[in-house]
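To start, the structure itself, in structure tokens.
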Amino acid sequence: LLKDLVLVEGYTIPSDRNIIFNLNGHNIKSYSNKRLFTNNGTFTIQGNDTNDTITSLYNKVLENNKTCVINKTSLINKIKTSGYNLITNNSKLTVRDSHLEGGYYSVYLQNNGTLSLAGNEIDGSIVGNSDEPNGTVLVSSGEISSILNVNKVIINSGTINRIKTIDSAIKGGTIDTL
């Protein structure tokens, strides 16, 4: 980006595309009632640090259906009602050195999605389907409010305040409540 943006439309990354979206020290605010990004290809959101922010005031920031990397960025959803998750992950999502905040859930895992986390602060829950827990969460480091209804969690390091899963492999880190 060359300047801060205010967006009123949603954008879809096609399945045959590899897009690197560099915030380059700038911010995006979305006033769209549609999800801001739908990724069907390979999508990287790159910031310089967590001051590079994407904020949605009315809907989800991201639905990931293929491969996505979020690096050194803050994603914020101002809506905290049911159905308005910050991110819905249906496939492979990697989040590094970022801040995720808000939405009814910060990350909702569907269809056995995989979420890899390293060095993040997640102010909200990572949640799988409560009727049929699914998905895998790999935590290398960072701080997470809660992980609920996920099929498998592997924790190498980091702090998780609350966890409820089917299968957990805890190799390091801190968990406040099981």
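The single condition from (1) closer than 16 Å to residue 94 by Cα; (2) buried (at least 18 other Cβ atoms within 10 Å of the Cβ) that residue 56 fails is (1). Checking the structure you have, find out if any residue of the range 10-18 is open to solvent by less than 30 Å² (accessible area, probe 1.4 Å), at pLDDT 90 or above and in a strand (DSSP E or B). Yes, the range 10-18 has at least one match. Selection over the range 98-136 of residues that are over 23 Å from residue 57 (Cα atoms) and either modelled with pLDDT of 85 or more or not in a loop (DSSP other than H, G, I, E, B) (or both) gives a count of 9.
Considering only the range 67-80, I want to know if a residue exists there that is more than 27 Å from residue 135 (Cα to Cα), out of contact with any His (no Cβ under 6 Å at 6 or more places or on another chain) and surrounded by fewer than 14 Cβ atoms within 10 Å (Cβ to Cβ). No: zero hits.
Determine, yes or no, whether residue 105 is open to solvent by 30 Å² or more (accessible area, probe 1.4 Å), under 25 Å from residue 146 (Cα atoms) and not charged (D, E, K, R).
On the way: open to solvent by 30 Å² or more (accessible area, probe 1.4 Å): yes; under 25 Å from residue 146 (Cα atoms): yes; not charged (D, E, K, R): yes.
Yes, satisfied.
Quick grid of which residues meet (1) of a type in the set (Lys, Arg); (2) over 25 Å from residue 157 (Cα atoms); (3) touching a helix residue (DSSP H, G or I) at 6+ places or on another chain (Cβ under 9 Å); (4) in contact (Cβ under 8 Å) with a residue 12 or more places away in the chain:
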| residue | (1), (2), (3), (4) |
| --- | --- |
| 40 | no, yes, no, yes |
| 47 | no, no, no, yes |
| 51 | no, no, no, yes |
| 58 | no, yes, no, yes |
| 92 | yes, no, no, yes |
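The values are calculated or read from the model by the stated rules, or taken from the named source; none is laboratory data. Predicted model, so just to flag it, every value in this text is computed and none were measured. Counting neighbours? That spans all protein chains shown, and the Cβs are built from the backbone with ideal geometry, glycine included. With ligands, DNA and RNA removed, areas are computed over all heavy atoms of the protein, side chains included. Shrake-Rupley method; radii C 1.70, N 1.55, O 1.52, S 1.80 Å.
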